[in-house]
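Contents: one structure, followed by commentary.
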Amino acid sequence: MSHILITGGAGFIGSSLADALLAQDHEVIVLDNFHDYYDPQLKENNVAPNLNNKSYHLFRGDINDKSQLNHIFTSFTIDTVIHLAARAGIRPSLHDPAAYVRTNVEGTAQILEAMRRHHVQKLIFASSSSVYGNCQAAKFSEDLPLSQPISPYAATKLAGEQLVYTYTKLYDLQAVCLRFFTVYGPRQRPDLAIHKFVKLIEQGRPIPVYGDGSTIRDYTYIDDIVHGIINSIYYNSTPYDIINLGGGSPVTLNEMIATLEQTLGQKAIIDRQPLQPGDVTKTVSDISKAQRLLNYQPQTTFTQGINLFYQWYKNLYPAPLHS
């Protein structure tokens with residue numbers, strides 16, 4: 001049994017990961033600040049089923065709080081840190097870049113320093129497909145040279161990867177940076193397109209569609225992401241590695257909307273808008289490295305994943321609230 005710290009562990013990915021690790025009899029420590037970027041009650045719902053589990057330990061606080069980090073690392077013999085905590089969202093990062101630097105870069109430095117002080121050797125860092133920018137390659141592979149992120153959010157994630165690399169070179173640290181590609185599924189944040197579109201379609205309100213609908217995203221179902229993260233815990237063949245976790249079957253925005261319409265049995269009203277600054281035109285993951293090193297193989301098709309998301313959504317917002 002391992003003691004695993006998950007930063008951002010009350011959020012969409014973090015809480016799903018915590019559930020899976022608890023099911024495997026790990027001791028799970030969660031640190032989350034329950035930020036009001038979206039309704040904190042959704043995070044409260046995520047953590048509620050585990051609060052009485054003796055193997056689950058929830059701390060409410062910020063990754064930049066050095067004293068709290070010291071308390072957590074002193075209280076538990078932590079084997080692995082899975083660092084998911086971050087300010088999320090590409091478009092919001094355009095309006096407050098400094099806040100993204102404080103959390104995503106300075107906060108990552110605080111986590112790395114806590115690990116160094118307390119001799120914790122294993123880190124999994126959540127990066128993002130946004131680091132590829134407007135890449136023109138047919139598929140985004142981990143060995144592509146990256147120097148032109150087009151949003152503050154992407155820049156902070158790329159900086160985080162480089163900080164992690166530096167610590168693996170200087171200190172006794174083994175790290176895997178996982179580049180997530182557009183994660184979706186139950187518990188997805190309400191500001192993300194699928195969640196937002198389902199709500200608007202059900203209410204008969206227009207959905208904002210940026211561009212002509214030809215932009216492409218490599219959607220990755222939450223269970224597949226969790227599988228990849230857990231397998232990363234046991235990967236230690238190199239001191240530092242970067243690995244894509246994607247769905248492997250990208251879909252256009254128009255195809256995504258059509259899938260939602262089919263699942264909901266309701267047509268969407270399109271509000272056509274120009275492409276937004278910071279948005280990339282496509283994300284297409286090369287997952288061959290993850291397949292080779294992590295035995296990673298996405299299991300959930302986009303249509304299956306949308307159906308599973310919608311079942312969760314209807315339970316969260318039962319009729320007549322969701323209709």
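No lab work stands behind these numbers, since they all come straight from the coordinates. Computed from a prediction, not measured in an experiment: that's the story for all the values here. Neighbour counts are summed over all protein chains in view; Cβ atoms, including those assigned to glycine, are modelled from backbone coordinates with ideal geometry.
Please report the relative contact order for region 197-323, taking Cα pairs under 8 Å with a sequence separation of at least 6, and give it as a percent rounded to a whole number. Before the final figure, lay out the partial values.
Numbers: 156 pairs, mean separation 51.4, N = 127.
Contact order relative to length: 40 percent.
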Positive-end residue of 41, 216, 303, charge dipole of the chain with Cβ unit charges: 216
Region 92-143 shape via C-alpha gyration tensor axes, a/c threshold 1.5: oblate
Alpha carbon centroid spacing (whole Å) that separates region 55-86 from region 254-282: 38 Å
Neighbourhood charge, 9 Å Cβ-Cβ cut-off, centred on residue 282 and excluding it, Lys, Arg +1 and Asp, Glu -1: 0
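Kindly point out which whole DSSP H helices in the chain project their C-alpha atoms 24 angstrom or further along the helix axis while averaging a Kyte-Doolittle hydropathy of -0.5 or above. Write out the running numbers ahead of the final one.
Details: long enough: 152-170 (27 Å, -0.09).
The answer, listed by residue number, is 152-170.
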Sequence ranges 93-100, 265-272, ranked by mean other-Cβ count within 10 angstrom, highest first: 93-100, 265-272
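With the alpha-carbon atoms as the only input, what is the per residue convex hull volume for the chain in Å³? If you can, show how the numbers build up before the last one.
Values: hull volume 40.8 nm³, N = 323.
For the chain, the hull spanned by Cα atoms encloses 126 Å³ per residue.
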Rounded Å value of the spacing that divides the Cα centres of region 113-160 and region 296-318: 27 Å
Computed P(r) (all Cα pairs; region 250-317; 5 Å bins; percent): 3, 12, 16, 19, 17, 17, 10, 5, 1
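Return 71, 83, 118, 227 ranked ascending by Cβ neighbour count within 10 Å, so the fewest neighbours appear first. Could the numbers behind the result be given before it?
Working: 71 13, 83 25, 118 16, 227 20.
Ranking 71, 83, 118, 227 by Cβ neighbours within 10 Å, fewest first, gives 71, 118, 227, 83.
Quick one: net charge around residue 120, please, counting Lys, Arg +1 and Asp, Glu -1 for every other residue with C-beta under 13 Å from its C-beta.
Details: positive: 116, 117, 122; negative: 79, 113, 172.
Every neighbour counted, the sum reads 0.
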All lysines inside 16 Å of residue 199 as judged from Cα atoms, apart from same-chain residues fewer than 8 positions distant: 267, 314
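So, with +1 on the Cβ of K and R and -1 on the Cβ of D and E, and no other charges, what is the size of the charge dipole of the chain about its Cα centre, to the nearest 20 debye?
Values: 26 positive and 29 negative charges, 42 e Å.
Taking the Cα centre of the chain as origin, the dipole is about 200 debye.
Report the relative contact order of the chain, percent, no decimals, based on alpha-carbon pairs under 8 angstrom and at least 6 residues apart.
Values: 592 pairs, mean separation 57.4, N = 323.
Once divided by the residue count of the chain, the mean separation gives 18 percent.
Which shape class applies to region 209-323: rounded if a/c is under 1.5, otherwise prolate when a/b exceeds b/c and oblate if not, where a ≥ b ≥ c are the square roots of the Cα gyration tensor eigenvalues?
Verdict is oblate for region 209-323.
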All lysines inside 22 Å of residue 122 as judged from Cα atoms, apart from same-chain residues fewer than 8 positions distant: 66, 157, 169, 289
Around residue 4: net Lys/Arg minus Asp/Glu count, Cβ-Cβ under 10 Å: -1
Only Lys, Arg (+1) and Asp, Glu (-1) charged, at Cβ; region 35-103 dipole about Cα centre in debye: 80 debye
Mean separation of Cα contacts under 8 Å (6+ apart) over length of region 1-130, as relative contact order %: 28 percent
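To the nearest 500 deg cm²/dmol, what mean residue ellipticity at 222 nm is calculated for the chain from DSSP H runs of n ≥ 4 alone, each contributing -39,500 (n - 2.57), summed and divided by the residues?
Numbers: 12 runs with 125 residues, N = 323.
Computed ellipticity for the chain at 222 nm equals -11500 deg cm²/dmol.
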Cα-centred dipole magnitude for region 1-63, charges only on beta-carbon of K, R (+1) and D, E (-1), debye, nearest 20: 120 debye
Which of 52, 18, 84, positive extreme of dipole for region 7-104 (C-beta unit charges): 84
